[in-house]
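Just below is one structure, and these are the notes that go with it.
The values are calculated or read from the model by the stated rules, or taken from the named source; none is laboratory data. Computed from a predicted structure; not experimentally measured. Here Cβ is always computed from backbone atoms with ideal geometry, including for glycine, and neighbour counts include all displayed protein chains. These accessible areas exclude ligands, DNA and RNA; they are computed on the full protein's heavy atoms, side chains included. Shrake-Rupley method; radii C 1.70, N 1.55, O 1.52, S 1.80 Å.
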Amino acid sequence: MRLDDQKNGSPVSNRVDIHHIQLEEGTTINGDDKCRVYTYNEALELVGLGRFHTLLLFICGFCLMSVINETLNMGFIISAAECDLGLSFSDKGILNGAAFCGVVLSSHLWGFLSDTWGRRKVLVLATSCSLAFSVLSTFSMNVWMLIVTRFCVGFFISGNAATSYAYLAEFHTDKSRASHVSWAAMFMAFGMIYLPLLAWCIIPLDAQLDLKLLGARYGLWRLYLLLTSMNAVLILCGITFLPESPKFLLIGKQQDQVLEILARMYRWNQRKPERTFPVKSIALDAIDSAFAEEMQRKSSAGLRYVWDQTVPLFRRPLVGNTARASFLMFGLFAASSGLFMWMPDILNVYINYKDESITICQVVDIIHRNRTAPDVLAEVDNCSVNIDGTIFMITTVMGVLFLLCYILNGAIINRVGKKLLLNIWYVACGLAGIGALWTSDFYLTLLVIVVFLAVGCLGSVLSAISVDLFPTNYRAMALCLILMTGRLGAMVGSNVVAFLLTYNCDLIFVLLGGLLLVCAVIGTTLPGK
C-alpha cells in the first residue's frame, strides 16, 4: 500500500507489493524468487533422493568393500600359495599383515589429501593405484615380491577408507545422511561374504586345472587375487558418472560449478530439465562456514595441520579418552582380524578331523608334524596342499552371521545403550575365546570361534562412542587415529598368531581372549552411557 494514495483520498488497496525484503547474511526474496540465496542443505532438499543417490551409495559401498577385499583376501589363499612360494608360518603372518601395514602408514596422508585436494580425486587415484598393484601381485615370483605389492595395495586402498564416508555424506541432507552411511557400511559385511564364496568357486579347482602363463604355472590363487580386486573396475566406471563433492567445491568458493552439479543431480532424481532447477544462488550456512574456515586453515598449514590436530589428543584433558578408545580399537582388531585371517588355513586341516574329539590346538600340532622344515623352500612338483571347499562355505556362513550382528547392533543400540552394548560384547567374545581351548567337538568349536570373531562387528559401536569423546574440532583426527590404531592391531595380531602357532597355540586364545576381557574393564571407564 502506497502512502500517496492515502493523501489523495483515493481508495485504499488491500494488495501489498513486496518488492524486496532483506534476509540474514545477504539472502533476498523477490517476487519471482530468482534472487534468493539458498543454503547448501536447502538446495539438497530440492534435489531430493533418487537415481543419483542410488549410484552414489553403490560406488561408495564398493569403495568400502574394496578395503575389506584387499586386506582380508590373503587369508583365503595362503594355504593354496604355500607350495608355489614355499611359505612358512612367519611368511604367512607377514603376508596377512602387509596390507594392514600399508593402511596404517598412509591413513593420515589420505585424510589430509581428501580435505585439501578433493574427495573424488583421492578415490580415483587410490582405486587406480591399488588395482594396479593388486594385478601386479598376482605375478609375484617369490614371497617378498608378494609382500611388497600387498603392502602397496594397502597403502593406496587406505584412501578409499579415509574418503568414502565423507564423499557420501556430503551429497546428503541431515535427514538422509545417517541412514545412507549405515547402508554403505554394510557393504563391508558383504565383502566378508563375497571373499569366501569366490574362494569356494575357484581355489578348490587348482588340483584339476593346470593353468600356464608365459610358460610358468599360474595357480588359481593368483586368479582369485585378481578377481577380488575387480570391484575396483566397477568403482572407476561408476565414478566417471559422479562429480566432485559439491560441498567441497563450495568451501573452495566455486559456486558456479556447484550449481551445475546440483542441477545435474536434480535432473537425475526428479527427471526434469536442468534449467528448471530453482536454485540460482547458493551459500554455506553458519555451521558449514565454520567448517570451511577450518578446511582453509588446513590447506594453508599443509602437513603442519596434521601435527597441530594430533598433538592435543595426547595432552590433557583428551589424552585419557584417546588412550582408552585407541586401546579398545586395537584389541578389537587384534582379536578379530588377527585370528580370522588364519581360520581358512587351520580349518583346511581341522575339517578332516571333524568326527573326532580333538581341540583346535591339537590340529595345529598335526599341521606342524605334517609340514617340512619352514626354512626349506618347497618345490611345486614335490608339494601339494588339498583345499577342501567346505572351509569356504563355513567362512561364508561366518560372514552372514557377522552381517546379522551388524543389523542386531543397529536395532538394539538405542535401547541397550552404546557403552553397555560394547562391554557385553567384549565380555561374551573374551570368554568365548578362552573357552575355545577346552572344546573338542568340531561344531561346538566353530560356534565358539564365531562368537569370538564377532567382536569385529563392534567397530561401528566403538566409533559411535568415540565421536562423543572429543570436541568437534578434533573429532575427525581422533577417529582417524583410533581407526589407524585398530588396523595396527590387526597387523600385530596376525603376526602374534603366526608366532604362537609355531610355538604355543594355547597362548593365542589366552592372550586374545584375555585382551578382550581387559577391554571390557577399560570400557566401563568410558564416559557416557
Restricting the range 391-440 to residues that are closer than 21 Å to residue 345 by Cβ and not hydrophobic (A, V, I, L, M, F, W, C), which is most open to solvent (accessible area, probe 1.4 Å)?
440
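Kindly state which helices (runs of 4 or more DSSP H) lie completely within the range 219-266 and contain at least 3 residues that are β-branched (Val, Ile, Thr) and more than 18 Å from residue 117 (Cα to Cα).
Output list is empty.
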Which condition from (1) touching a helix residue (DSSP H, G or I) at 6+ places or on another chain (Cβ under 8 Å); (2) open to solvent by 20 Å² or more (accessible area, probe 1.4 Å) is the one that residue 242 breaks?
(2)
Exactly one condition in (1) under 23 Å from residue 359 (Cβ atoms); (2) not in a helix (DSSP H, G or I); (3) not hydrophobic (A, V, I, L, M, F, W, C) is false for residue 529; which is it?
(1)
Test for residue 472: is it open to solvent by 10 Å² or more (accessible area, probe 1.4 Å) and at pLDDT 90 or above
no
Output for the range 113-130, where each listed residue is more than 17 Å from the chain's Cα centre (by Cα) and open to solvent by less than 60 Å² (accessible area, probe 1.4 Å)
113, 115, 116, 118, 128, 129
Taking the criterion of being in a helix (DSSP H, G or I), farther than 20 Å from residue 56 by Cα, open to solvent by less than 10 Å² (accessible area, probe 1.4 Å) and touching a residue at least 12 places away in the same chain (Cβ under 8 Å), would at least one residue in the range 152-175 satisfy it?
yes
Kindly establish whether residue 179 is hydroxyl-bearing (Ser, Thr, Tyr), open to solvent by 20 Å² or more (accessible area, probe 1.4 Å) and in a helix (DSSP H, G or I).
yes
